[in-house]
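Student: For reference, the structure I am asking about is given below.
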Amino acid sequence: MSSNVSAVAPNAKHPSSAANGYKSTTVAVPHSFLSEMMASEYLPSAMTPLCHHMQRRGSDKATFHNYTRVYHHLFQHWTRDAFNLLEIGIGSIDASVPSNMGPNGTPGASLRGWRDYFPKANVLGADIDPQTMFSEDRISTCVLDQRSPHVAKYLDGMKSMFPSFRVIVDDGLHDGATNLHVMKHLLPRLDVGGYYVIEDIRPDQQPIFSARRFYPEQHFPSPSASAESQPRYRYEFCHLAYSAPGVPTDNCLFIVQRTQ
């Protein structure tokens, strides 16, 4: 383990259950991170509660991929907590949209799966495709173009409703440079102890992450803060073992945890 938009307002009303009263918090860091769980035998063979929720909702996080087993290991301590979660990539089925799910995908499946798994969390989904927008209890959505030169300004504009997030998942545009650019702007909004995950990293994109050319702690110096109070992160590129036939070559995660 290594140490160390098109600007469109959020769709419909803010989730009813408490986000307005939620403030950034420091949360307990699980006893271990990832180094020992990357061996296939460490991943639980049985279905986790998150696997069941995501499968029932039609998300490929628990079918074509086995991300839900990793996520349950990392997040199971928080299922009774109130916090904010952001997922970029609601799931477009429009063939003209980059990184779309194809005609058999289920838009919004993962957002509903997260809501089921975290019954007190408020979930925000962002996507470039306006057709994926919807609003349900504890779920809000907004249009976000990750490639827009104004993406930083738009992300800042979300602070009034979602000042910070304990979990951020980027399942949007699968382009390493774009993913890292957006992460640079969102990492300061990550709660201490929280996780930022980039999913579905294709083989041609993997060197950007596995070569450790991105060091989060170097991107956010604060001249007015002491070294001890600077944000700190640890991160890991994870090429997950998966024994099912037709294993996707992009069954990879880049996971960052804020530790300070």
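We did not get these values from a lab; they are worked out from the coordinates using the rules stated. Keep in mind that this is a model prediction, so the values were computed, not measured. Neighbour counts run over all protein chains shown; Cβ positions are idealised from the backbone, glycine included.
Student: Between Gln131 and His150, what is the label-to-label distance in nm when each label sits 7 Å out along the Cα-to-Cβ direction?
Tutor: That separation, rounded to one decimal, is 2.4 nm.
Student: Would you mind getting me the FRET efficiency between Ala46 and Thr249? Use the beta-carbon distance for r and R0 = 35 Å, nearest 0.05.
Tutor: Step by step, r from the Cβ atoms, then E = 0.85.
Student: Just flag the trypsin sites (Lys or Arg not before Pro) in the range 88-139 sitting in loop per DSSP whose Cβ has no more than 16 other Cβ atoms within 10 Å.
Tutor: Taking the range 88-139 and a limit of 16 other Cβ atoms within 10 Å, the loop trypsin sites (Lys or Arg not before Pro) found are Lys120.
Student: For Val97 paired with Gln76, estimate the spin-label separation in nm (one decimal), with each label point 7 Å from Cα along the Cα-to-Cβ line.
Tutor: Label-label distance for Val97 and Gln76, simple model: 3.3 nm.
Student: Counting other beta carbons within 10 Å of each residue's own, what order do Val192, Val169 fall into, fewest first?
Tutor: So the residues, fewest neighbours to most, are Val192, Val169.
Student: Continuing with the same structure: Taking the Cα centre of the range 38-145 as origin, work out the dipole magnitude from +1 charges on Lys and Arg Cβ and -1 charges on Asp and Glu Cβ, in debye rounded to 20.
Tutor: Rounded to the nearest 20 debye, it is 420 debye.
Student: Follow-up question, since we're still on this one. Karplus couplings for the range 63-80 from phi (6.51 cos²θ - 1.76 cosθ + 1.60, θ = phi - 60°), rounded to Hz, Gly and Pro as x?
Tutor: These are the phi-based 3J(HN,Hα) values: 10, 5, 10, 10, 5, 4, 5, 5, 4, 4, 4, 7, 10, 4, 6, 10, 5, 10 Hz.
Student: Assuming 0.36 nm per residue, please report the length gained on full extension of the stretch His181 to Arg56 beyond their Cα-Cα distance.
Tutor: 41.7 nm
Student: If I model a spin label at Thr106 and Arg202 as a point 7 Å from the Cα along the Cα→Cβ vector, what separation in nanometres do I get?
Tutor: Rounded to a tenth, the inter-label distance reads 2.6 nm.
Student: By counting other Cβ atoms within 10 Å of each Cβ, how are Thr63, Thr48 ranked from fewest to most?
Tutor: Fewest to most other Cβ atoms nearby, the residues stand as Thr63, Thr48.
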